Amino acid sequence: MTQNYFMIGLKLLGALGLLIYGMKMMSDALQKMAGPQLRHILARMTTNRLTGMLTGTFITSAVQSSSATTVMTVSFVSAGLLTLGQAISVIMGANIGTTLTAWIMSLGYNVDLTNIVFPAFFVGMILIYKKQHRFLGDFLFGIAFMFLSLVMLSTAGKELDLAHNQAVVDFFASFDTGSYWTILAFLAIGTVITCIVQSSAAVMAITILLCSTGVLPIYLGIALVMGENIGTTATANLAALGANTQARRAALAHLLFNVFGVIWVLCVFYPFVNMVCRLVGYDPTQGGQAALLPIVLATFHTCFNVTNTAILLGFIPQIERVVCWLMPEQEKVEQEEFKLRYIQANLVQTPEISVLQAQKETGHFAQRVQQMFGMVRQLTDEKDEEKFQRLFSQIAHQEDITDKMEIEIARFLEQVSDNHLSDITKTKVRQMMREISELESIGDACYNMARTLNRRLESGHDFTPELYNKVHVMMALADDALTQMNIVMSGHAKEYDIRDTYRIENDINQMRQRLKDENIQAVNDREYDYSIGTIFSDFINECEKLGDYVVNVVQARFGL
């Protein structure tokens with residue numbers, strides 16, 4: 001008999017592993033199929049609390065993972081795409097969307113799903129071999145694995161026959177279901193187990209299994225479900241540990257939202273549970289009707305999350321103030337200046353989120369090189385030697401930072417490329433690889449200009465007023481090119497006309513050629529020293545190179 005229990009236990013563990021894998025496979029496949037659309041939905045359909053909540057509900061129902069939606073939301077807050085208030089509304093909706101998972105599981109314990117599983121495997125296999133539909137095939141495989149695991153869990157539960165195991169029955173009967181201490185103990189157990197396995201779905205499956213056999217009283221089962229609601233917040237909080245303050249606040253809001261819900265339900269625990277039981281037609285004071293218990297759990301899960309959201313939806317500003325008070329903005333301390341702003345490696349869940357982070361970081365890279373160019377413009381007119389050297393040193397440090405940014409973003413994109421990517425995502429990764437390479441070249445050009453100006457200082461000679469005017473005109477054109485580049489980088493390429501960039505580049509080329517000819521003539525006419533003419537020519541050439549790099553960045557963004 002012991003050997004039988006051992007084998008059944010292995011079947012249960014295998015079924016749980018298959019359930020977690022199937023849900024992850026289904027979630028990942030759907031995010032790969034509709035990743036850009038999901039990003040746009042989250043970023044745009046959060047104009048108010050209600051639309052934010054509905055967005056979270058829709059996405060979580062689609063991907064079958066509140067953790068995936070929550071981590072995605074935390075990532076968007078970290079990347080600056082969502083405000084904290086918008087993120088809270090989306091997380092509220094995610095709690096409602098995850099109730100669909102409980103209904104699917106309760107269905108699996110009452111309906112024979114084998115008629116769905118095997119056709120899904122067959123169709124999924126065909127689609128996987130057709131490369132253009134492989135993600136849909138992965139999605140079907142994930143659904144099939146999830147349903148197959150539910151069938152296996154149901155079968156293993158029947159084989160255990162716990163209802164006729166007197167030791168197990170006596171063990172659960174020893175708990176006083178009328179005591180709040182018992183309810184709190186099982187709530188804590190559900191929380192701890194969910195935190196450990198990082199899957200509320202797996203703990204929900206075990207809870208439904210125990211209740212469906214009739215050995216676990218419904219009050220204790222519901223206490224476990226309440227604990228799962230708190231434990232599932234651990235995923236987002238762990239993911240946000242290395243993120244910025246706003247992202248950590250969003251994860252904390254998720255925890256507070258669920259803890260508040262558990263507290264008010266505990267205050268009316270028995271009347272609330274009895275109300276849910278009456279809705280389903282189950283009498284908790286009588287034995288039997290074990291088949292209804294999975295439905296009771298799913299109904300409670302839905303009522304709990306819908307009611308909690310309805311209560312707190314109007315208090316999002318207050319929740320925002322509370323989490324800001326609990327987690328104040330850390331005072332900025334002097335530390336290493338180089339740090340990626342948007343890429344948070346521990347928040348990477350899917351390639352789609354990773355690409356979004358890399359795009360935001362690349363946009364920040366573009367802004368940084370324009371700021372560096374602004375420092376060069378300031379250096380051009382600096383007459384005080386001490387201030388000049390201090391500014392020159394800062395530009396050299398910025399050049400070192402641009403080198404590091406290129407390496408770190410490229411390394412991150414290489415990690416993203418190790419995943420199975422859609423063709424659209426592959427194209428975006430290639431484009432960003434080109435962009436960061438050209439942006440680093442812009443940084444080099446800025447540093448070379450600064451070095452050229454430093455040569456001018458060391459030579460003991462200076463530009464004539466006329467040369468200064470020409471330098472200012474050339475640098476103004478280069479700054480226009482950088483401004484146009486940042487406009488394109490900050491939006492969608494299709495919204496802009498690349499001919500604007502080509503026009504500025506053409507102006508720079510014509511200016512460079514005219515200044516070059518005038519410089520040769522001025523040196524021949526001995527208007528200024530040959531060495532100053534050479535320094536001026538080198539400076540103008542670097543400006544022209546910078547314009548070329550800008551064009552390359554814009555072309556990469558347009559996919560040309």
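General observations
- Consider the range 262-284 and keep the residues that are without any contact (Cβ under 8 Å) to a residue 60 or more places away in the chain and either in contact with a Phe, Trp or Tyr (Cβ under 7 Å, 6 or more places away or on another chain) or not in a helix (DSSP H, G or I) (or both). The one that is nearest to Q86 (Cα to Cα) is V265.
- Only a single item in (1) surrounded by fewer than 17 Cβ atoms within 10 Å (Cβ to Cβ); (2) in contact (Cβ under 8 Å) with a residue 40 or more places away in the chain is not met by I407, and it is number (2).
- Of the helices (runs of 4 or more DSSP H) lying entirely inside the range 89-166, those containing at least 1 residues that are open to solvent by 30 Å² or more (accessible area, probe 1.4 Å), at pLDDT 75 or above and charged (D, E, K, R) are 134-160.
- Of the listed requirements (1) buried (at least 16 other Cβ atoms within 10 Å of the Cβ); (2) free of Cβ contacts under 8 Å to residues at least 60 places away in the same chain; (3) of a type outside the set (G, A, S), Q378 misses just one: (1).
- From the list N509, N519, the one residue that fits, being surrounded by fewer than 15 Cβ atoms within 10 Å (Cβ to Cβ) and part of a helix (DSSP H, G or I), is N509.
- In summary, I208 fulfils each of the numbered conditions (1) open to solvent by less than 10 Å² (accessible area, probe 1.4 Å); (2) closer than 18 Å to N95 by Cα with the single exception of condition (2).
- The lone criterion from (1) modelled with pLDDT under 85; (2) over 21 Å from the mean Cα position of the chain (by Cα); (3) within 20 Å of E435 (Cβ to Cβ); (4) part of a helix (DSSP H, G or I) left unmet by V369 is number (1).
- Pair list, Cβ under 7 Å, 6 or more apart: the range 174-185 residue within 14 Å of I263 (Cα to Cα), other residue modelled with pLDDT of 80 or more and open to solvent by less than 90 Å² (accessible area, probe 1.4 Å): I183/Y219; I183/A223; I183/F269
- Residue ID - surrounded by the fewest Cβ atoms within 10 Å (Cβ to Cβ), chosen from residues in the range 465-489 that are of a type in the set (S, T, N, Q) and in contact (Cβ under 8 Å) with a residue 24 or more places away in the chain: T483
- H397 meets the conditions (1) touching a helix residue (DSSP H, G or I) at 6+ places or on another chain (Cβ under 7 Å); (2) assigned to a helix (DSSP H, G or I) in every case but one. The failed one is (1).
The values are calculated or read from the model by the stated rules, or taken from the named source; none is laboratory data. Since this is a predicted model, take the numbers as computed values, not measurements. We place every Cβ from the backbone using ideal geometry, glycine too, and count neighbours over all the protein chains shown. These accessible areas exclude ligands, DNA and RNA; they are computed on the full protein's heavy atoms, side chains included. Shrake-Rupley method; radii C 1.70, N 1.55, O 1.52, S 1.80 Å.
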